[in-house]
Amino acid sequence: MTAPTASQTAARAQRPHVLREYALLADGERGVLVGPRGDFVWMCFPRWDSGAVFSSLIGGSGAYAVTPRDRCVWGGYYEPGSLIWRSRWVTDDATIECREALALPTRPDRAVILRRVIARQGTARVDVVLDPRGDFGKHALRRLSKADDGTWTGELDGAHLCWVGGQGARPQADGHGGKALTLTLELAEGAHHDFVLVLAAEASDCAPPDPEWAWQGVEAAWRDRVPELERTSAPRDSRHSYAVLSGLTSAGGGMVAAATTSLPERARQGRNYDYRYVWIRDQCYAGQAVAKAGPYPLMDDAVRFVAERLLADGPQLKPAYTTTGAAVPDQRQLDLPGYPGGSDIVGNWVNGQFQLDGFGEALLLFAAAARHDHLDADGWRAAESAIGAIEQRWREPDTDAGIWEIDPDAWTHSRLICAAGLRQIAQCGPGGEQAARWVSLADMIVSDTAAHAVHPSGRWQRSPGDVRVDAALLLPAIRGAIPASDPRSIATLQAVASELTQDGYCYRYRPDERPLGTSEGAFLLCGFLMSLAYTQQGDHVSAARWFERNRAASGPPGLYSEEFDVTQRQLRGNLPQAFVHALMLECALTQYGDLDLP
């Protein structure tokens, strides 16, 4: 084993890739983005919203790379029903794989990263670099030492590190005031070599596991986590989306909206957000989607987290929380270059917003769980809290930031989703006078909204003062606020199709008079809503076209971002975006059930 040069070490981790080439490793408490050069470019520790130990994705330092020494072409794939990733490279005279995963079961204060280099054909030669840095690159590895058995240990800001498999590594200046461990590994055909990296809050928890046992554990854990989901129109992609959602969901039940921060939705437009938090709306989308398949753990996780937040905060429910249920911190910048075209923001201004539709989505989630007899006494108390909040706040003017979290307004979508939630929970409750009261409130909301927010053409408009059409207005009919056969439902679908779609993709709304795609990308969530809306209308050909078009909008790892650049066929925004995976799963399940496929 020999070490690459210091300049090679520094250059390897600094050049970002297009988003479609990144894969995700995740264990529920944190995630890693790994690129086509075998480079870990993003990982926060100990939790999703903590400081990053690998942050080159947004221009910070810190890296962990396993990269073929010779020129190569890249591929990769997930093992079925898991987030176990296999990078695969073909060089001039060898085929090399690197199997990698975050070990399971996991803990919030301890992460175990498994990497196994395999020489599939020919002699494998890979350069290995380990250079973690605490708090987005601010703090170098300290007290670096190697034991007699070749195990490396060290300390980061607030964490202890142990690395096995790098017994031949040498410390080398990393160009950022610290030292990286580097080596070149050579393997004969058929051989493999394991690296195990442990990060722990306490030094006593830093002992590395046996690689064989660790791999068996993570394989078994993913088998237990991800159901077969055979009764969908896209079984492989459905299982993959379930695995992604599971990987984004912490032990406390909270599912982060995405693994990353600051990835731009539009280059140099100032739209860079931190999505490493739990959005109530997104969590409800995921729970409702999973409920269509069965009473699987991700549905129960969503119910538990949302119910706890409602019981704690009631009418003051926040749109988003950390995975521990704490408040989302204020937005600030890190003084990093950011992803090209983006910035370096952590925290989120959503902490100061009120989003009425969150109460309606919570009721829809609770109703879905109740239909599986999975809503306990706390869940029903949380549902009553959500109903009370709707009764108290649905008339409040100009305080709701809405589904797209833009300017305050009396958004039509928010009110109609509350009506949908009231109708659904009324069907699942004890009935009688209480259910009648809930349905009456839903009728009142729909009637009042219709009096102020129906466009002269007969469709719904965004708000009483905003006459534009919005793809979010497809949801009220999909969720049952009004019938799919209602003329307003049909007119809204027709308007969205004629005004907000391009080449099989759908945009949220028109921000201005410029052509679609000029100010922002298509929203994959909206494309899947089109599929659901056409399925509801009985137009199965259109529904299938929309589903297939939008589920293909990913890179080789099959991860979806929030937006899709139709012209360049590129992903835009944070990665992976949980609610897109949730709606993909819901579409696949809905199509199967509606068509009664064999």
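The values are calculated or read from the model by the stated rules, or taken from the named source; none is laboratory data. Bear in mind the structure is a predicted one, so any value in this text is a computation, not a measurement. Cβ placement follows ideal geometry from the backbone for every residue including glycine, while neighbour counts extend to all protein chains displayed.
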Return yes when residue 417 is free of Cβ contacts under 8 Å to residues at least 60 places away in the same chain and part of a helix (DSSP H, G or I) and no when it is not. no
Scan segment 520-533 and tell me whether some residue there is surrounded by fewer than 24 Cβ atoms within 10 Å (Cβ to Cβ), out of contact with any strand residue (DSSP E or B) (no Cβ under 7 Å at 6 or more places or on another chain) and more than 27 Å from residue 256 (Cβ to Cβ). no
Identify all residues within segment 59-93 that are among the hydrophobic types (A, V, I, L, M, F, W, C), at pLDDT 95 or above and crowded, with 24+ Cβ neighbours inside 10 Å; write none if there are none. 65, 66, 83, 89
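So is residue 244 of a type in the set (Val, Ile, Thr), at pLDDT 95 or above, assigned to a helix (DSSP H, G or I) and not assigned by TED's automatic domain parsing to the domain that holds residue 576 or not?
no
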Which numbered condition trips up residue 228, out of (1) surrounded by fewer than 19 Cβ atoms within 10 Å (Cβ to Cβ); (2) not aliphatic (A, V, I, L, M); (3) not assigned by TED's automatic domain parsing to the domain that holds residue 587? (3)
Residue check, residue 387 against (1) of a type outside the set (Gly, Ala, Ser); (2) surrounded by fewer than 21 Cβ atoms within 10 Å (Cβ to Cβ); (3) more than 23 Å from residue 249 (Cβ to Cβ), all met but one. Which one? (2)
Scanning segment 180-213 for residues that are outside any loop (DSSP other than H, G, I, E, B) and either β-branched (Val, Ile, Thr) or free of Cβ contacts under 8 Å to residues at least 40 places away in the same chain (or both), which turns out surrounded by the most Cβ atoms within 10 Å (Cβ to Cβ)? 182
So for segment 209-220 (the condition being at pLDDT below 95 and either touching a Lys or Arg at 6+ places or on another chain (Cβ under 9 Å) or under 30 Å from residue 293 (Cβ atoms) (or both)), does at least one residue qualify? no
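Here is a list: 165, 177, 158, 137. Which entry is at positive phi and modelled with pLDDT of 90 or more?
165
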